[in-house]
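The values are calculated or read from the model by the stated rules, or taken from the named source; none is laboratory data. Predicted model only: the values in this text are computed from it and were never measured. Cβ placement follows ideal geometry from the backbone for every residue including glycine, while neighbour counts extend to all protein chains displayed. The area values use the complete protein model at the heavy-atom level, side chains included, leaving out ligands, DNA and RNA. Shrake-Rupley method; radii C 1.70, N 1.55, O 1.52, S 1.80 Å.
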Amino acid sequence: EDGVVVVLDRKHAAPDPQEAEQRAALAALEQVAGSCNYHMLLPKQYLGLWKELGQASALRKEKEAARLAAEERQQQREKARDVKEAHCAPQKVVMSKENQAALQALVQERFALRAQMVAIGK
């Protein structure tokens, strides 16, 4: 059997067990059906508590929505970082021995030309 756990602030402490049951029932009703207009059916003595419980519930929902939005933004940042890291990661190049030798010769030739230009002051 599913139940509802009710915790009220000390300021809502009841003077006797019957009143405590009434307040707990009101808090449980707000938890399971707080969006309904039950406040129109409640005795006037409980309207203030109903309103406070509704405000507290709305605040909890706002905080939860903000937490979920922040979590979503964090996940998006992590995904963007992963994409960037994958894009910037070293790439493996496979080439034949002949092509490797040709590339090395070309690089060495470029470095030699650059060294000559530096030596003559260009």
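Computed in the context of the full set of protein chains, the accessible area of segment 1-115 at 1.4 Å probe radius has 55% of its extent on carbon or sulfur.
Here each label is just a point 7 Å from Cα along the line to Cβ, and for GLN45 and SER57 those points are 2.2 nm apart.
Computed from the C-beta positions of PHE111 and GLN91, the FRET efficiency with R₀ = 30 Å rounds to 0.85.
Across all directions, the shadow cast by the convex hull of the chain built on its C-alpha atoms averages 19.7 square nanometres. Largest mean-square fluctuation among GLN74, GLN100, GLN18, in a Gaussian network model of the chain whose springs join Cα atoms under 10 Å apart, belongs to GLN100.
Which of the listed residues, ALA20, ALA89, VAL107, is farthest toward the dipole's positive end in the chain, when Lys, Arg count +1 and Asp, Glu count -1 at the beta-carbon? Working it through, the farthest residue towards the positive pole turns out to be VAL107. Largest GNM mean-square fluctuation among ALA14, ALA86, ALA101, using the chain with Cα springs under 10 Å: ALA101. At a probe radius of 1.4 angstrom, the accessible area of the chain per residue rounds to 88 square angstrom.
Each Lys and Arg adds +1 at its Cβ and each Asp and Glu adds -1 at its Cβ; summed about the Cα centre, the chain shows a dipole of about 1100 debye. FRET efficiency for the ALA25 to GLU72 pair, using the beta carbon distance and R₀ = 30 Å, is estimated at 0.25. Taking label points 7 Å from Cα along the Cα-to-Cβ direction, ASP9 and GLU98 give a separation of 8.4 nm.
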